[in-house]
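Accompanying notes for the structure given below.
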Amino acid sequence: MRPVVGSPENGNIKNEMEHLEEEMTCSVCLSIYDDPRILQCSHSFCRKCLQNLIRSSDGYLWRLSVGRLKCPSCRGITDIPTGVQSLPVNFALKAIVEKYKSNQQTKTCPEHSRHQLNMYCLKDRKLICGQCLTVGPHKGHPVDDPDAAYIKEQQKASKLLAVLSDKNFTGVSAVIQALEEQMNNCKNIVLEDKKEVLTFFDNLMEVLEQKKQGLLAALNELNQQVVDVFAPQIEEMRQIQDEELDLVAMSSTAQTEESPLVYLETLHDIQQRMMVLKKQLLFPIYPVEVYPRVRQILKDQWLKTTTGDIPLLPTPKFGIHFQKDDYRGIPSSPQCRWILVAFLLFIILLALFVYFSAGVSSDFTTRYWTRLSEIMEPVLHFGESHVHKVKTVSHRFSSLYLDFIAHLRSLLIS
């Protein structure tokens with residue numbers, strides 16, 4: 001809504017400004033004081049005005065003698081033995097004049113040069129000039145006087161500060177905390193695994209040194225992977241947090257700003273940056289796990305391997321996994337693929353053995369087909385953890401394979 005020009009509020013401000021200007025006006029030049037000097041009668045005048053009075057052709061009206069001057073206001077006599085320069089400066093009045101002049105300085109419009117920003121657009125909430133309102137992009141928009149807008153908008157700063165001070169404004173603090181906790185947890189897991197590796201290999205011979213170094217290098221790579229994944233996200237979230245803190249500081253500083261023009265520009269800048277900040281996307285937090293674990297690898301593979309076969313063991317590929325869905329199928333991991341290939345080869349070998357061995361009893365065939373059914377049973381239960389299923393199938397298949405080899409050996413010997 002366009003403000004009423006003759007409203008009581010605007011009228012009071014205008015009257016106060018006019019009264020202030022009268023108090024700071026020299027009665028000789030009728031302009032704002034410039035280097036005011038005090039006469040002995042306590043009246044103040046511009047230094048140049050007093051000098052001009054003395055030098056003018058009718059200066060005799062005010063100058064009684066070389067060292068005495070008559071006040072233009074009250075006709076009081078002031079001694080000036082060394083000229084006007086000897087008169088004391090009215091420092092209080094001079095400070096008020098300088099502050100008044102600084103507040104009256106207006107900025108020019110960036111779109112229309114030499115036009116002062118003397119209006120405040122209520123729709124776009126920014127300072128504009130007369131050209132902006134008549135022919136510019138703010139044509140037809142409701143406007144207000146900057147001083148009046150300054151008074152009305154002062155209350156909004158405290159509300160903006162309250163919003164910015166809320167730690168849940170964007171939720172970035174909670175995201176940063178969760179990310180830091182996950183990174184520290186993963187790094188602690190890596191540290192624990194490194195201790196497991198060191199403890200395990202300290203009890204072995206020098207032949208294990210190469211494998212130990214290989215596992216440590218893989219864990220160091222995993223540690224770097226953890227940092228590469230989480231550190232950029234934390235840094236980006238910290239940038240959003242820094243923007244929040246910067247806006248809080250700006251909003252607090254704006255409370256003490258005395259210049260309406262500077263205050264309104266600062267308030268507009270804060271509001272614009274708040275809108276941009278609110279649109280910032282925060283990183284979602286997913287459950288994360290480190291896989292595989294060194295302790296399980298050492299227990300399931302290394303402790304069951306002879307010293308001569310240790311050089312053949314591959315170095316596992318460690319990684320971090322984010323659980324972004326609830327997929328419960330069998331994972332496509334190298335261990336699962338190995339079990340599947342070995343299982344198919346075993347089925348083919350068993351079928352060939354039964355086909356070419358006419359003397360094989362039905363009890364032998366029934367025995368191994370029953371065992372194979374038991375092995376594949378966990379695969380059909382999709383609700384179980386995939387790690388548990390892989391270990392179960394691997395253990396049962398290994399037992400069946402060893403039993404089958406022993407049985408073939410007994411047949412060949414017999």
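The values are calculated or read from the model by the stated rules, or taken from the named source; none is laboratory data. Please read all numbers here as calculations on a predicted model, not as lab measurements. All Cβ positions, glycine included, derive from the backbone under ideal geometry; neighbour counts span all protein chains shown. Only protein heavy atoms, including side chains, enter the accessible area calculation; ligands, DNA and RNA are left aside. Shrake-Rupley method; radii C 1.70, N 1.55, O 1.52, S 1.80 Å.
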Would you mind working out the accessible area per residue for the range 70-171, using a 1.4 Å probe, and quoting it in Å²? 59 Å²
Given pairs 194/317; 187/299; 152/279; 126/156 and cut-off 18 Å on Cα-Cα distance, the over-length ones are 187/299; 152/279
Once ligands and nucleic acids are excluded and a 1.4 Å probe is used, how much of residue 47 is accessible, expressed in Å² to the nearest 10? 60 Å²
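Got a sec? What order do 179, 53 fall in by accessible area at 1.4 Å, biggest, i.e. largest, first?
Details: 179 5, 53 30 Å².
Sorted by accessible area, descending: 53, 179.
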Be a star and scan the range 288-323 for residues whose amide nitrogen sits under 18 Å from the point 7 Å along the Cα-to-Cβ vector of residue 198. 294-295
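State the percentage of accessible surface on the range 205-244 attributable to carbon and sulfur atoms; use a 1.4 Å probe and exclude ligands, DNA and RNA.
Details: 1050 of 2240 Å².
Percent of accessible area from carbon and sulfur atoms in the range 205-244: 47.
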Exposure of residue 312 as accessible area (Å², to 10), given a probe of 1.4 Å and all protein chains: 140 Å²
Starting from the Cα of residue 91, step 7 Å along the direction of its Cβ; do the same at residue 348; then give the gap between the two resulting points in nm. 10.4 nm
Any idea how far apart residue 74 and residue 209 come out in nm if each label point goes 7 Å out from Cα toward Cβ? 10.4 nm
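Assign one of three labels to the range 241-282, namely rounded, prolate or oblate, based on the Cα gyration tensor with a ≥ b ≥ c the square roots of its eigenvalues; rounded applies when a/c is under 1.5, prolate when it is not and a/b is larger than b/c, and oblate otherwise. All intermediate terms of the calculation are to be shown ahead of the outcome.
Details: a/c = 4.92, a/b = 1.95, b/c = 2.52.
Cα axes put the range 241-282 in the oblate bin.
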